[in-house]
Structures are given as structure tokens and as C-alpha cells.
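To start, the structure itself, in C-alpha cells.
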There are 2 protein chains.
Amino acid sequence: MEPERTLEAALLAVDWGSTNRRVFVLAANGTVLETAQDSQGILAMDGRGFAAEAATMRARWGDLPMLCAGMVGSNRGWADAGYVAAPASLAAIAAAIHWVEPGRTAIIPGVSRDSDGRADIMRGEEVQLLGAAAAGLVSADAWLCQPGTHAKWARIQDGNLTDFTTAMTGEIFAQLGRGGLLADGLDGEVRDSAAFRQGVQAARGGDLLAGLFGARAAMVLGKRSRADQASYVSGLLIGSDCDARLEGDFAPARADRVNVLASPALGGLYLAALDELGCNARLVDSHKAFLAGITRIWSLLQ
Amino acid sequence: MEPERTLEAALLAVDWGSTNRRVFVLAANGTVLETAQDSQGILAMDGRGFAAEAATMRARWGDLPMLCAGMVGSNRGWADAGYVAAPASLAAIAAAIHWVEPGRTAIIPGVSRDSDGRADIMRGEEVQLLGAAAAGLVSADAWLCQPGTHAKWARIQDGNLTDFTTAMTGEIFAQLGRGGLLADGLDGEVRDSAAFRQGVQAARGGDLLAGLFGARAAMVLGKRSRADQASYVSGLLIGSDCDARLEGDFAPARADRVNVLASPALGGLYLAALDELGCNARLVDSHKAFLAGITRIWSLLQ
């Protein structure tokens, strides 16, 4: 029997996206020893070499093996780590790992789907999705949603990622806030309110382009206050996203449950929208899911 | 009997929008004696007084009565000309005219609708819509569409504008081209092509948020060329707009016909999308419609 000892750092797990980067210093058993988040996403590299950046990270967090997930594996990142075709398992992803520094630094490939005339891709989210199932945070047969700039909706079956759909929900909301007809009012607070839920209900039926103009018209005609506008438009967009899923491939999730991997703030809005549309949903800890996924991929590489 | 004589200028009709302005010098019988278009929309006034601008226009085109339509009648224009509630006739609009220089310069009010929980507004389009019916360019009972930044879909019954819906179609396309995930490829030419029609078909069912991301995924996976991307995304947006109308209030138009008031270029895309969705449509001269509407409103003011 091994004597008890202080846990030693064994791995740097890096969730390296376009705008943000999160580093986890992990023990061999997956325990988080240290974590840090900064805005050194791949778009902030600005010509600095990724290998040099990795050396800087090791100087700070320890000279350890490094496993990276996210947009760092895109053609604008360190190296294009490609895609594994769905249905995808953790084993298939581990088998397709892209070593940038052999035995020492690896990038996790994304997942693609292309059938029924519909193409889709993800890069980074697969770690959370499969990790949630592997860690038992969701059942081995589950419906999952990851809200965000590009919201992902995924089906897990027998622990494998069998299909998914991405919606531009968060990006469209951000673009509408930056300028154009609807920008006036979108700087307000978004919260689960009567206005938010009215937006969700107005989204039913899939006429988003008219719904968005109607949001402006209602404000101009004094039917909705400026303070409620951001919540209403957010409800319209999140509602459009949720309604399209529940009227489409996610229809069986109504009888089951949707697992929302997100922070309580954004996740709460999706829970509210799904509730408004008659669907049972729960929040799942997305950091736990990411850590479970990346440590399992790492163990498959040993 | 009056002797024949050269037509004299009788009215300056001004289609004064946010970014563009079009001036028509008209004879009393509606004949166009001169026309000019510039980029002196209301957003270009930059603090210059509208009264002073009107004086400049009269110095150039003649010291005539002036009748203005469009965003010049908004709270960011010369004066807020308000809205006439639909159903609206040319007579109701003339009765609600807003005189900024009594007997000499007037602004046409917009039209609003607010029932069944749906608010909508227009300002300027009502002149074309009602003018098209008044001039017999469309029948007194017709379905009309005005493509653009904010596409209008309208129902004319007994020559009155009874209902309408606005969709943010053109604005969303413009915003997607200015930045974000889809901007790469949207600088290409948009034309009625196989890619455009694939976009229209993909729009069926009303899942625009996922369709937009799928457009990017297809390009990344090499399923669509960069050269086809703008046409596909335009097809997706115009298709979403048309499909929502034909699945909603415009459903009876399938058995009738949609009258598209637009330039041949943009109008042609809407004709193609409507055709792809099984709806008969035709192009109507939007300038003729505008002139017919504004001269009739002027005659009602005499």
C-alpha cells in the first residue's frame, strides 16, 4: 500500500478558445491543484508562437505534459487537429489526438457531423459533453445543451456523442447589440422576467426575422419599456433556439430532460426558456464535465 | 377647351429615407419632369436644419410645394409625423398629414398595426403599397412584398392597406457580413444559383439560427465553396423570410400571387425564393407605385 502523500501536479489541461483561456493544473487522479483564467485566447496570440507561449505557461504552472482543447486546434490556432466524425467516443477522440510536441503536448480534435444534408462542427465542446456522461453527471443516454455564442445541442447514446446541432444564438444577440435597428435598448440587463418569457412565447413558430422587427415596433409604439427590451430580445433568440430543437431532433427530450451545461446565469435563461416551452431541464456543472472529459482522454493516451 | 401647353412643375415629391433621398419634380398630372437621387438621407443631415435643407432643394428644383415620405417623418427626422393605424387608406393618410410649413411642405405619416399581440410599423412604404393598388399596378385585393433592409409584406383589400409584417432580412445579412463567424465568404456575389436555392430549401421549417451556423460548417468541411457562400446565406435568409410568410398570414397568396415591389436585382432573388417555395410571384415597378401614391395623396390635400 502506498503511503499517503501530498498530491503532485501531473498535467496541464488547457481549455483554449478564441477569446479566453482556462488552465487547470491537475494531479494524476484528476484533482484540481490550481486554476487560472485569462483572455489569452488564440485571437490574442497576435503572431506570438504557440510553442513559446506553451513554454511560458510551463514556466508559470510547472514543467508538465499539456493537453489542449478548443479553437487552439483550428486552422487559426497552434495546429489544425482535424475532426472526428460523429458518432464519437472518448476513445475515438484519444486515438485521433494531434501531438504538437510528441509525448509532451497534444491537441484534442473536434467532432463533425455531415448527414441528411446538414453539416455541423464543434471544437472543445466534445470534451464537456463526453466528460459529463463519463463522469455520470448525466446518464449514458442523454440530451445536452451548451448555451453560448454558438449554442450546442447534443445527443449522447451509450456514452457516445451521436449527433449535435449548433445555433448562432449568442452571436446574433451580440451583433444586434453592436449596431442597427435593435441596438437601442439591448444594453439593458437580461433576466428571466415576464418580458423574457413573452419573447420565448413569441419565438414559437420560427419567424425570427419578423419577431426581431416586431420587438423594435413594440418599443416605438410604447408597448414595451426600454428597460425590458434586452430581456425580450434575448427571450426571442433563446426561445427560437429552444423551440427549433424541441420541434425537431430534440422532440423526445420533452419526455426526458435536457441537461444544460453552463454557468447559472446563462444556463438559468435556457432553463427558463425550456420550462416556458414545456420541457424539463436541469443545470450541470460544465467545469466538472470538462475536467472529467480531459482527464479521461489523458488516461487513454498513457 | 384648354390649349395644349408645355407641362409646368407643380410638386416636389421626396422619398426621404435614413440613408438615401430621391426627389421627383412632378407636373400637376403626375408626369415626372426631373428626378435626382443622392445620399442626403436624414442621418446625413448632421444637425443641418431640415427647413434650410428644404430651401436648398427649392433653390435647385423650383419654388414648389413639397410632399415628403419616409424616415424624414420619424422622431429622428424633420418632425414626427406619427402613424395611421391599419387598416389604412390613402384618404386616411392624407387626413393625418403633418404640415411642417403650412400649405407648403408636408410629411406623410407612417402606418402601424397592433393586434393579436403583434406590433409593427412602416414609414414610407405605405405610399408605394397603396399607390400600386390605386394605379392598378396590382389589383385592389393583393399580396405585396417590398424586399430590403426591413422587408415589408402587406395585404391590400378593397384598395386599403389592411395588414403587414416586417422582417429584418436585409439587415441581418448586412450585419453577418460586417463581422463574426460568417463574414468570411459573404463579400461574394449573390445571385439566383443552385447555392441560393439550396439556402432557400434549407430555410424551410424555421430553424434559422442553426441554419446559419450550418452554412459555416459546410464551408469548413469543404461541402460548399467560398464563392457560393454569399448566395447560400442570402438564400437562407430570404428563404426564411418567404417561408415564414407562406406558412403564416401569406398562406392564401400561394393560390393567388405575390407582387414584389423592388429593383430587378433584389426583386429577382425574392421571385426565385418564392418560386422555390411553390408560390407564384411577379415584379412590380416600385418607382411607378411610389409616384402614383404620392400624387394621389397630394391631390387629396388640394
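Read the figures in this text as sums done on the coordinates, not as results from a lab. Predicted model, so just to flag it, every value in this text is computed and none were measured. Neighbour counts run over all protein chains shown; Cβ positions are idealised from the backbone, glycine included.
Miscellaneous remarks
- GluC sites (Glu not before Pro) within the range A:167-270: DSSP coil, no more than 16 neighbouring Cβ in 10 Å: A:Glu189
- Using the Karplus relation 6.51 cos²θ - 1.76 cosθ + 1.60 with θ = phi - 60°, the per-residue 3J(HN,Hα) values for the range B:73-82 come to x, 9, 5, 9, x, 5, 7, 6, 8, x Hz, with x marking Gly and Pro.
- Our note on the geometry: Cα centres of the range B:45-77 and the range A:247-299, 55 Å apart.
- For the peptides B:210-217, A:174-181, the ranking by mean Cβ contacts within 10 Å, running from highest to lowest, is B:210-217, A:174-181.
- The antiparallel fraction among DSSP beta bridges confined to chain A stands at about 65%.
- Degrees, to the nearest 10: B:169-178 long Cα axis against longest axis of chain B: 70 degrees
- The mean number of partner chain beta-carbon atoms within 10 angstrom of a residue's beta-carbon across peptide B:176-186 is 3.
- Shielding of peptide A:199-211 by partners, expressed as the average count of other chain Cβ atoms within 10 Å per residue Cβ, is 6.
- Residues whose placed amide H lies under 5 Å from that of A:Ala281, excluding near-sequence neighbours: A:Val258
- Computed per residue of chain B from DSSP H runs no shorter than four, each worth -39500 (n - 2.57), the mean residue ellipticity at 222 nm is -11500 deg cm²/dmol.
- Note on B:Thr19 and A:Lys288: with the Förster distance fixed at 60 Å, the Cβ-Cβ geometry gives a FRET efficiency of about 0.75.
- Per residue of B:233-244, other chain Cβ atoms within 10 Å of the residue Cβ number 2 on average.
- For the residues A:Val100, A:Val72, A:Val200, a GNM of chain A with alpha-carbon springs under 10 Å puts the largest fluctuation on A:Val100.
- Working note: Karplus 6.51/-1.76/1.60 with θ = phi - 60° gives the range A:97-102 the couplings 4, 10, 7, 9, 10, x Hz, where Gly and Pro are set to x.
- Ordering A:Gly211, B:Leu208, A:Pro65 by Cα displacement along the dipole of the protein assembly as shown toward the positive end leaves A:Pro65 in first place; charges were set at the Cβ atoms of Lys, Arg (+1) and Asp, Glu (-1).
- When you restrict to C-alpha pairs under 8 Å that are six or more residues apart and normalise by the size of chain A, the relative contact order lands at 15 percent.
- Cα-based Kirkwood hydrodynamic radius, the range A:167-284, one decimal, Å: 14.2 Å
- Rg in Å to one decimal, and Dmax rounded to a whole Å, for the protein assembly as shown via C-alpha atoms: 28.5, 121
- The angle between the Cα long axis of helix A:50-61 and the main principal axis of chain A comes to about 80°, on a 0 to 90 degree scale.
- Applying both filters, DSSP loop and at most 14 other Cβ atoms within 10 Å, to the trypsin sites (Lys or Arg not before Pro) of the range A:78-141 gives A:Arg104.
- Relative to the longest principal axis of the Cα atoms of chain A, the long axis of helix A:226-247 makes an angle of roughly 70 degrees.
- C-alpha center-to-center spacing [the range B:198-217, the range A:229-245] in angstrom: 17 Å
- Shape call, chain B: gyration tensor on alpha carbons, a/c limit 1.5: prolate
- For the range A:167-284, with +1 on Lys and Arg beta carbons and -1 on Asp and Glu, the positive-most of A:Ala167, A:Ala265, A:Ser231 along the dipole: A:Ser231
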